[in-house]
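The values are calculated or read from the model by the stated rules, or taken from the named source; none is laboratory data. Just so we're clear, the structure is a prediction, and the values are computed from it rather than from any experiment. Using ideal geometry, Cβ is built from the backbone for each residue, glycine included, and neighbour counts are taken over all protein chains shown.
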Amino acid sequence: MLTTRKFQFCLLLVGIILVLFTTIPGCDKNKKTTVINPNGDSELALLMREMTDYMVLQKINVAGGKEPGKYPLHFSAIHAAQPTDPEVRDDVFTGFADHFINKLKEFNGATPENRQDAYKQLVQSCAGCHQQICPGPLAKINKLY
């Protein structure tokens, strides 16, 4: 038979469990999510995020005097990847894309003495394009220096 004291204890226990489950992080249905790309995730945007991750790793490697990571051959897909805005794919974009690929090859082939300068030139190739075509990522690019 359930006494009043046992009943109160059970109610308290159920209350505590309910409070715990309603306050667990990640269970909030009203939680706002951060939008990485307000214009959608085009092929080019996804590729450039991957390029950014690669550049962050290379910044660490250069600072530590390490060799560059494996040359990412698929970065040459920059020429074919669909952009968020199809209007940006023009001769200017193609020129910047070619310049980036050339600087990437130079960086990966740079001697240890020239690697820091080659890395800066590679970052500058990104910044130069984004100053002309899509300025949104410039703040993130500037952190790569």
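Observations on the structure shown:
- Residues within the range 107-119 that are surrounded by fewer than 16 Cβ atoms within 10 Å (Cβ to Cβ), assigned to a helix (DSSP H, G or I) and touching a residue at least 12 places away in the same chain (Cβ under 8 Å), tallied: 1
- In the range 46-71, the residues that are part of a loop (DSSP other than H, G, I, E, B) reach residues that are aliphatic (A, V, I, L, M) with C-beta atoms within less than 6 angstrom, at least six apart or across chains, in these pairs: 69/57.
- For the range 86-105, the set of residues classified as of a type in the set (D, E, K, R) and under 19 Å from residue 50 (Cα atoms) consists of 98, 103, 105, listed by residue number.
- Matching residues, the range 120-140, being without any contact (Cβ under 8 Å) to a residue 40 or more places away in the chain and assigned to a helix (DSSP H, G or I): 120, 121, 124, 125, 127, 128, 129, 130, 131, 138, 139
- Selection status of residue 81, of a type in the set (Gly, Ala, Ser) and closer than 15 Å to residue 50 by Cβ: yes
- Among the candidates 52, 22, 33, residue that is among the hydroxyl-bearing types (Ser, Thr, Tyr) and at pLDDT 60 or above: 52
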